[in-house]
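The values are calculated or read from the model by the stated rules, or taken from the named source; none is laboratory data. Since the structure is predicted, the reported quantities are computational estimates derived from the model, not experimental observations. Note that we place each Cβ from the backbone using ideal geometry, even for glycine, and neighbour counts take in every protein chain shown. We work out accessible area using only protein heavy atoms, side chains counted, and drop any ligands, DNA or RNA first. Shrake-Rupley method; radii C 1.70, N 1.55, O 1.52, S 1.80 Å.
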Amino acid sequence: MNKHLRKHETDLLWRDREDVAVLTFNLNGETFAIDATVVQEILDLLPETRVPGAKAFLGGVINFRGKVIPLADIRLAFGMEAGETTIDSRIIVVQLDIEGEPCLVGIRTDKVYEVTTLAQASSEPPPSVGMRWRADFIDCLVKRNGEFIIVPNLKKIFSVDVTPTGMFFTG
Amino acid sequence: MNLMDPVQVFRMEAAELFVVIEEGLLDLLGDLSNQAQIDAVFRGLHTLKGSGAMFGFEALAAFTHHCETAFDRVRKGEVPATAELVAAVLEAQDHMKALVDTPNGDHEATGNGLLAKLQAAVGAKAAQGCVVAAPLPAAVASISTTAAPAATRWRLRFRLPVNAMANGTNPLGLLDELAELGDCTIKAETSAIPSLDAIEPDDLHIGWTVELTTTQPQPRAAIEDVFIFVMDDMEMVLEEVSSAPTPAVAPTSVALPLAEAAPSEPARAVNTAPAIADAKQTKPAAENVRVPAERLDELMDRVGELVIAQSRLSQLAGVSADIQLRSVSEDVERLSGELRDTMMVLRMVPVGSLFGRFRRLVHDLARETGKEIELVTEGETTEVDKTVIERLADPLVHLVRNSIDHGLEMPEERLASGKARAGRVTLSARQAGGEVIITIRDDGRGIDRERVRAKAEASGLIQPGQMLLDQELLQLILQPGFSTAAQITSLSGRGVGMDVVKKTVEALRGVIDMHSTPGEGSEISLRIPLTLAIIDGLLVRVGTGSYVIPLSAVEECLELSAEEDLRSRGRSFISLRDHLVPFLRLRELFRTGTPPDRYQKMVVISTGNERVGLVVDQIIGDHQTVIKAMSKLHHDVVTFSGATILGDGNVALILDVTHLVTVGQQQEAQLRAAG
């Protein structure tokens, strides 16, 4: 029962599908994957405008075809280090559903790999202990070619009422 | 272009008719013998019935028919207009609205109840009939003098608009009505009929000449009455030929049955000087175009993009040595500025359209509460962006309800405290700088601060005994879940509403000011920026980032000299023409981590009553700012009201002046507490 409930709450990727097309990318040496259907576009790095006072992982905005959209560094949400940008760095623009409204967000990555297919059979829920990162930000782990691909729970990461940081005077 | 759903078109038309009818009725309440208003209401009801039937709203048509009949009798002077009748029709009108919204709903019972009321209102007087209706003016008088006046002879030429039949006018019906007035000779003018291949079966190309001999007491009015619903669009010349048939025009005035109408001789039409043209015909028609709001918004977006492209062009031209390019760029700048201004005006709507609906609300509330209320509106011509108007409608309803329900006292209570019997609620709007200020003022009992405090403490909004500024205490009313009404009435007191007001106003980047004097009344002002789309801004640089300060808030710019800069460390005040002005160093506030520029500039802005200086590194200049909303994900960042795209494609954030000052004051307080 508990497992069943959990599945419905957090399993965003599979939704009763056997195979799902995903876009894989690299963050600090780890491979991540997101549902390919939410991806709008992959961009080279754009000039970024810092938003003073915003949450650290949502610290900037970019001009995406005349729209001002936030640029997220989900590494910071996970508590990882923000790496240096390289020649391979890209921005993945995804469309998310935030409180019932479509919302565009840019995600900064170190490198974008490919669109590939993941099978639900090889997926597992994130272990509740022994993780370096916040487990609730991870949708599931998928084993492929001997390594684990992390599927982040974007809905959770970008949910509006996440940890009330970003105040001006935290220090 | 997509055609709109005809039912939708009818709903829009009906909504407008309801406004006309309601205004007419409310005006009638003030002056029951106002014939013009009676006619206006009658016309509105009649059109509503007609259009309703045409678009399949049978229940509406049937119901409206009864109201129309009642008003027709009033119009003819058979029954006088009474306050009861007006109230009954007002109530009936709400029912009609329901019939328009849900034509298939179960409205039978309500409808019958209303009709009974209506009958009572008309019937009571009808029993006395037109015989006793002597005190009524003109209309009745003419009926009583039915001593068969001499026959008069009239010549009438008229032509309906080409699309008259498509709009549901039946010209044969009009001719029949004319024939009822007296002996008629009707002739069709067919000269305007196009050739067969160009003919549209629905179009009307025939005009008519009618010679009418009538014994009507007021023939001109009777004839014009036939055309009452089409008069605005038609061409009509009406002239009295002479009292008796004269042989002068006889040879050509041969009666031709309509069906056989042959191409007629147009010569005759010119020989009599067109004596009196109908007054309505010469009235210049107000040219209004109805445009769906989305299309306006689309246009607004395009203009926004154009302004951005234009500022890129200016930037390119600015660094180029090409004189011609510069001159073109200046032209484009001027044109796009004008286009922007025109666009803004298009979106502006007078506040009067918003205030209009409160007359009805107040009328209903007065009945419900038993209070006597006088509604005063001021500054109806103040214009505000249409989006602002739409979004303000509900909050204002809440505020007016609150004023009436909580603020105003019962008549006896008012008399006892030496006030006028009727409470007064004033709605006013005025423009100040880049803001429009909408104020709801009442002369009631004012806000009971003790009760507000007790209530806030009870519901845990504040600590018992917590020190609060008066303004802070009053603002507690706007908190969710707050209501001082001891008992919940049907009007207000559920504690929903006021926090909705606050939310809506804040979403419009507005501010709520409250003032209240116990025993004398309360005043709530909503200060809302005039527009939501494009503003004039001042572009500044702080560290490496560009920011826009709304120009409407900027008072002056000055240089912060090195000595003043040094001297002001630790106190953040400078003396400006003998006034102390606090200031914020945006570089520190935004934690840019960059060393300050050598010559720091200060932009003095005013927010309400406070002046505050913002210290920046560089003032870049004037900037036409197309406001782009911040993403929902950045809603926690209140320092910025939006963002804009600069000429080079970079994003600059727009400072929310009011919030920035608040944040600055908090910081100052923290610093003071710490140090």
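Here are some notes:
The rows are residues; the columns are (1) modelled with pLDDT of 75 or more; (2) assigned to a loop (DSSP other than H, G, I, E, B); (3) of a type in the set (Val, Ile, Thr).
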| position | (1), (2), (3) |
| --- | --- |
| B:Leu584 | yes, no, no |
| B:Leu614 | yes, no, no |
| B:Val638 | yes, yes, yes |
| B:Gly664 | no, no, no |
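- Checked against (1) crowded, with 17+ Cβ neighbours inside 10 Å; (2) at pLDDT 85 or above; (3) touching a strand residue (DSSP E or B) at 6+ places or on another chain (Cβ under 7 Å); (4) not β-branched (Val, Ile, Thr), B:Glu378 meets all criteria but (1).
- Residue count for segment B:314-363, restricted to those that are assigned by TED's automatic domain parsing to the domain that holds B:Leu427 and without any contact (Cβ under 8 Å) to a residue 12 or more places away in the chain: 0.
- Selection count where residues are more than 9 Å from chain A (Cβ to nearest Cβ) and either under 30 Å from the mean Cα position of the chain (by Cα) or not in a loop (DSSP other than H, G, I, E, B) (or both), scope segment B:587-600: 3
- Residue selected from segment B:83-109 under the condition of a type in the set (S, T, N, Q) and within 29 Å of the chain's Cα centre (by Cα), by the criterion farthest from B:Asp364 (Cα to Cα): B:Thr102
- Long-range neighbours under 8 Å by Cβ, at least six apart or interchain, first residue under 21 Å from B:Gly337 (Cβ atoms) and more than 9 Å from every other protein chain (Cβ to nearest Cβ) within segment B:535-547, second buried (at least 23 other Cβ atoms within 10 Å of the Cβ) and among the small types (Gly, Ala, Ser): B:Leu539/B:Ala652
- Among residues of segment B:319-339, those that are out of contact with any helix residue (DSSP H, G or I) (no Cβ under 7 Å at 6 or more places or on another chain) and under 24 Å from A:Val68 (Cβ atoms), counted: 1
- Taking (1) at pLDDT 85 or above; (2) in contact with an Asp or Glu (Cβ under 9 Å, 6 or more places away or on another chain) in turn, B:Pro480 satisfies each apart from (1).
- Selection of strands (runs of 3 or more DSSP E) fully inside segment A:7-81 by the criterion of at least 1 residues being within 14 Å of another protein chain (Cβ to nearest Cβ), among the basic types (Lys, Arg) and within 14 Å of the chain's Cα centre (by Cα) returns nothing.
- Elements of type helices (runs of 4 or more DSSP H) in segment B:227-338, at least 2 residues being surrounded by 12 or more Cβ atoms within 10 Å (Cβ to Cβ), at pLDDT 75 or above and touching a strand residue (DSSP E or B) at 6+ places or on another chain (Cβ under 8 Å): B:293-319
- For segment B:430-461, a residue qualifies if it is open to solvent by less than 40 Å² (accessible area, probe 1.4 Å), within 27 Å of the chain's Cα centre (by Cα) and within 26 Å of B:Leu476 (Cβ to Cβ), and the qualifying residues are B:Val436, B:Ile437, B:Ile438, B:Thr439, B:Ile440, B:Asp442.
- Residue check for B:Thr69: of a type in the set (S, T, N, Q), part of a helix (DSSP H, G or I), within 28 Å of B:Ala166 (Cα to Cα) and open to solvent by 50 Å² or more (accessible area, probe 1.4 Å): yes
- All strands (runs of 3 or more DSSP E) inside segment B:345-408 with 2 or more residues being more than 19 Å from the chain's Cα centre (by Cα): B:373-378
- A:Glu18 of a type in the set (Asp, Glu) and modelled with pLDDT of 85 or more: no
- For the residues B:Ile524, B:Ile528, B:Ile549, B:Ile512, the requirement of being in a strand (DSSP E or B), over 27 Å from the mean Cα position of the chain (by Cα) and modelled with pLDDT of 80 or more singles out B:Ile549.
- Checking the stated criteria, B:Thr64 turns out to be crowded, with 19+ Cβ neighbours inside 10 Å, in a helix (DSSP H, G or I) and of a type in the set (S, T, N, Q).
- With respect to (1) within 20 Å of A:Leu27 (Cα to Cα); (2) within 14 Å of chain B (Cβ to nearest Cβ), the lone exception for A:Trp133 is condition (2).
- Among (1) in a helix (DSSP H, G or I); (2) more than 14 Å from chain B (Cβ to nearest Cβ), the one test that A:Glu84 misses: (1)
- Members of segment A:103-156 that are touching a helix residue (DSSP H, G or I) at 6+ places or on another chain (Cβ under 9 Å) and small (Gly, Ala, Ser): A:Ser128
- Enumeration of residues in segment A:96-124 that are away from every other protein chain (no Cβ under 14 Å), within 24 Å of A:Met80 (Cα to Cα) and not charged (D, E, K, R): A:Thr109, A:Val112, A:Tyr113, A:Ser123
- Selection over segment B:601-637 of residues that are closer than 30 Å to B:Gln310 by Cα, of a type outside the set (Ser, Thr, Tyr), more than 8 Å from chain A (Cβ to nearest Cβ) and open to solvent by less than 70 Å² (accessible area, probe 1.4 Å) gives a count of 15.
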